[in-house]
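Structure first, then comments.
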Amino acid sequence: MDILDILFSAAFWAATVRIASPLIFATLGELLCERAGVLNLGIEGIMVAGAFAGWIAVWAGLPLWGGVAVAFLVGAMLGGVHSVLSVPFGLSQHVVGIGMTLLATSLTFYMYRVILPEVSSPPKITAFQPLDIPVLSDIPFFGAALFSQTALTYLAFLLAAVMAYVLYRTPLGLAVRAAGERPEAVATQGLSVTAIRMGAVIVGSGLMAIGGAFLTLSAFDSFFFEMVNGRGWICIALVVFGAWRPGKAVLGALLFAAFDAFQIRLQQTPMGAFLPYQFFLMMPYILSILALIVMSRRADVPAALMVPFNKGER
Amino acid sequence: MATTVQAPPALCLANITKRFGSVLANDDVSFDLNQGEVLALLGENGAGKTTLMNILFGQYTADTGSVSVFGETLPPGKPGAALRAGVGMVHQHFTLAANLSVWENIALGTQGIGSFVLRSGQVRAKIRDLSARFHLDVDPDARVSTLSVGEQQRVEILKALYRDARVLILDEPTAVLTPQEAQDLFATLRQAVEMGLSIIFISHKLHEVMALADRIAVLRHGRLVATRTRAETNPDELVSLMVGTAVDRHDYTPRTVGAPRLSLRNVSTPSTGTRFGLNNVSLTLHAGQIVGLAGVSGNGQAALSDVISGLITPSGGDIGIAGQGITEWSPRIALSHGIGRIPEDRHKTGTIADFDLTENAVLETYRDQFSRRGWIDWRGARAHAETLRETYDVRTSGVDSRIRLLSGGNMQKLILGRVLEQSPQIILANQPVRGLDIGAVTYVHRRLVEAAENGAAVLLISEDLDEVRKLSDVVHVISDGRLSPPIPRDDATPAVLGHWMAGNGFEGEVPHAS
């Protein structure tokens, strides 16, 4: 009875879409990197850095979209470091990625203390407000669930469509996919594998940072260190879940978000009274793992994922 | 084909020199490819053909020398330059993305990277047109992973033609093809020449070279040793130019057959996937004898090889070594009983690509011969590798270089040395000369015969009937996981073997040479 009430409330679906938004940005970013053949484990740290950079830029007086742009640039810069180490230097992508996460997280903490040495609780900003889409938001139920979100959420879904278009309908996207499948094919056709891979990592990292910035600029109005809270790692799994396809990855993000929104509401039902709340927190992760097992049985992993490409090696 | 004196050569390589460390891969190589000509580039593995092509395509930069296409000099080290000048290359190992479609592979890099639309309809139409004109039948929308090897090669050729290549370079194109596919390829190439293309054909198969080429350039140890027109040369001369000496064609002398060394009795293994298992196979290998195993690939050869090398234990039947039944069976036990293995795939199972020669040389023996109280005796191992290098003529810059840098022939010589230096009782030689050049083939064969003469029991598994018939004392045929009765060397005619290999069962006419 309670469960049905939850599923039929517009607020539940609105929360699902909202919770999915940062995951969509970061998952698309990771997907772009992996399609080009680079596993970017810096995602968690880049999201933290993006969350902080966007927020502090707005706090310092930039408009909200300025904050989004700053987050993208900071992510792109961190991605630039990652890409130099992982692409032309061909270092282990696991080590580079974990290193980037540690570096980005620590650097964020450091910057926070440098900029705000005295504060005990982080200052608030005025975040993105829900934007009712004319006409569509008036549709009963669906209007409240889907078309009364913030601008960044709409951007996330738009971005998924753009990403799918670029990957499958442009020469650039073809080159990116080929770089992740068979870099030799790219090189023998006279394109630079290095440039394509570095570009993908830089842009992808920028998107991850916007995912982080969503948390401070749209979902909430301030910055806390624990706020990214493993979302980056979830996105790595979502890319696999989505079989490296933008559309499926968005579905995965929505599914995870639905589990998350569901468990929060379930905690408030009578069931929440006798089950420890940690059990509910666990739910989305367990369900994600199960879904991952089912979905990724025959996923098409990019054949050259994590394989460095060195010109002239035989 | 008449060419006017004024026409610049389609391709001109002038004084190309390239060093890798202390190895001179190309030493002052110069030649021209005339327009409308098929030039064969002939040379053993490791003669420098591939390096030369990589220089032409800007993958490597030459130390000295220059490349020009239709009179225009190419900038060195720019991978796109040769492509743009109209030179297309079909690599020995295809460079296709398996998860992409045919048209995507062909379109890759041909449209401006900043363009917002991938004109797929246009690409498909042009592919269909080229397919029709050059008899290269392939579906533009097929995924490359679903294509046969022959079809994938057609895609590679289409890739070059799509870019309006006027010079086509094929690196050992027939190595991966069935005879029928090779015939189709030759028809396509003749068609291409008629349409005005110029072709460089890299190979070490002499009959192909003689069938297709107008001129033949021979490389040896990185140097261009001769250029001949087809009319003024013959296969024998080409062989001696390639390997530097007249090839030693060993003759068969009957060997004395000794005691049984390895016996399989009614051995069966389960089938896995498309691979046949063994079905009630009985086989005895005797000292001093070479047993040939003929068969179409995938009929149980792999299972038999895995059983003998200890990788799988039979689900039924017995293994006996020197008359003694064996109860436990593993690769280590197989090694300890003196089984030396030349694996089918030297890259995947024969060597570890990023280990150096020393490490690869002691892979099977480091535990007992090259360790002291649990520590590896690197000095001994290195000395051992040096010995192998000298004794088995492994050409390399040193035993510290990674084995991936060796050509196939040199890698195989190291594996051969690794096996033979242990004076094995039993030698399992699975496709020992696949992909090797003539010089290396002769060398490996001579060594195997010597080993048999010295008392080893040799099992030679090969898909090459000529090889089996040339070396073996007795021949078995394997088909659908079943093993034929042994046929003596003289009765093993292609007619009989072929009949059995085709899966007609082993009954019927008793093999007799007519």
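The values are calculated or read from the model by the stated rules, or taken from the named source; none is laboratory data. Predicted model, so just to flag it, every value in this text is computed and none were measured. When we count neighbours, we look across all protein chains shown, and the Cβ atoms used for this are built from the backbone with ideal geometry, even at glycine. Accessible surface areas use protein heavy atoms only, side chains included; no ligands, DNA or RNA. Shrake-Rupley method; radii C 1.70, N 1.55, O 1.52, S 1.80 Å.
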Please tell me if B:Ile403 is farther than 28 Å from B:Pro260 by Cα, open to solvent by less than 50 Å² (accessible area, probe 1.4 Å) and not charged (D, E, K, R).
-> yes
In the range B:58-82, what residues are within 11 Å of another protein chain (Cβ to nearest Cβ), within 29 Å of B:Asp437 (Cα to Cα) and at pLDDT 85 or above?
-> B:Tyr60, B:Thr61, B:Ala82
Taking the condition of a type in the set (S, T, N, Q), away from chain A (no Cβ under 14 Å) and either farther than 27 Å from B:Thr51 by Cβ or open to solvent by 60 Å² or more (accessible area, probe 1.4 Å) (or both), does B:Gln122 pass?
-> no
The condition of being open to solvent by 40 Å² or more (accessible area, probe 1.4 Å), of a type outside the set (Lys, Arg) and closer than 28 Å to B:Val23 by Cβ holds, among B:Leu224, B:Leu238, only for B:Leu224
Residue list for the range B:241-259, filter: of a type in the set (Gly, Ala, Ser), at pLDDT below 70 and open to solvent by less than 50 Å² (accessible area, probe 1.4 Å) | B:Gly244
Six or more apart or on different chains, Cβ under 6 Å: which pairs go from a residue in the range A:2-14 that's in contact (Cβ under 8 Å) with a residue 60 or more places away in the chain to one that's surrounded by fewer than 12 Cβ atoms within 10 Å (Cβ to Cβ)? Could you list them?
-> A:Ala10/A:Phe141
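At least 2 residues that are out of contact with any helix residue (DSSP H, G or I) (no Cβ under 8 Å at 6 or more places or on another chain) and not assigned by TED's automatic domain parsing to the domain that holds B:Leu83 in each: list the helices (runs of 4 or more DSSP H) lying fully within the range B:98-174 that qualify. Break it down into steps so the answer makes sense when it comes.
On the way: elements: B:102-107, B:120-134, B:149-162.
Counting at least 2 such residues, we get no helices (runs of 4 or more DSSP H) at all.
Kindly evaluate B:Leu96 against the criterion of being of a type outside the set (Gly, Ala, Ser) and at the interface with chain A (Cβ under 9 Å from one of its Cβ atoms). Can you show your working first?
Numbers: of a type outside the set (Gly, Ala, Ser): yes; at the interface with chain A (Cβ under 9 Å from one of its Cβ atoms): yes.
The answer is yes for B:Leu96.
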Does the range B:323-337 hold any residues that are in a loop (DSSP other than H, G, I, E, B) and either not assigned by TED's automatic domain parsing to the domain that holds B:Ala457 or not acidic (Asp, Glu) (or both), and which are they?
-> B:Gly323, B:Ile326, B:Thr327, B:Trp329, B:Ser330, B:His337
Could you list, in sequence order, all residues of the range B:3-49 that are outside any strand (DSSP E or B), modelled with pLDDT under 90 and under 27 Å from the mean Cα position of the chain (by Cα)?
-> B:Gly21, B:Ser22, B:Glu44, B:Asn45, B:Gly46, B:Ala47, B:Gly48, B:Lys49
Taking the range B:371-407 and keeping residues under 29 Å from B:His337 (Cβ atoms) and within 14 Å of chain A (Cβ to nearest Cβ) leaves B:Ile403
Quick one: count up the residues across the range B:311-362 that are within 20 Å of the chain's Cα centre (by Cα), surrounded by fewer than 19 Cβ atoms within 10 Å (Cβ to Cβ) and among the basic types (Lys, Arg).
-> 1
Would you check which residues across the range B:297-319 are touching a helix residue (DSSP H, G or I) at 6+ places or on another chain (Cβ under 9 Å) and under 27 Å from B:Pro254 (Cα atoms) and list them?
-> B:Ile308
Search result, residues across the range B:84-93 that are facing chain A (nearest Cβ under 9 Å), at pLDDT 85 or above and crowded, with 19+ Cβ neighbours inside 10 Å | B:Met89
Looking at (1) of a type outside the set (Asp, Glu); (2) open to solvent by 50 Å² or more (accessible area, probe 1.4 Å); (3) free of Cβ contacts under 8 Å to residues at least 12 places away in the same chain, find the lone condition where B:Asn54 falls short.
-> (2)
Residue list for the range A:288-314, restricted to those being within 14 Å of chain B (Cβ to nearest Cβ) and at pLDDT 80 or above = A:Val301, A:Pro302, A:Ala303, A:Ala304, A:Leu305, A:Val307, A:Pro308, A:Phe309
If we keep only residues of the range A:168-186 that are part of a helix (DSSP H, G or I) and of a type in the set (Val, Ile, Thr), then the residue nearest to the other protein chains (Cβ to nearest Cβ) is A:Val186
Residue set A:Tyr112, A:Tyr154; condition away from chain B (no Cβ under 14 Å) and without any contact (Cβ under 8 Å) to a residue 60 or more places away in the chain; output residue A:Tyr154
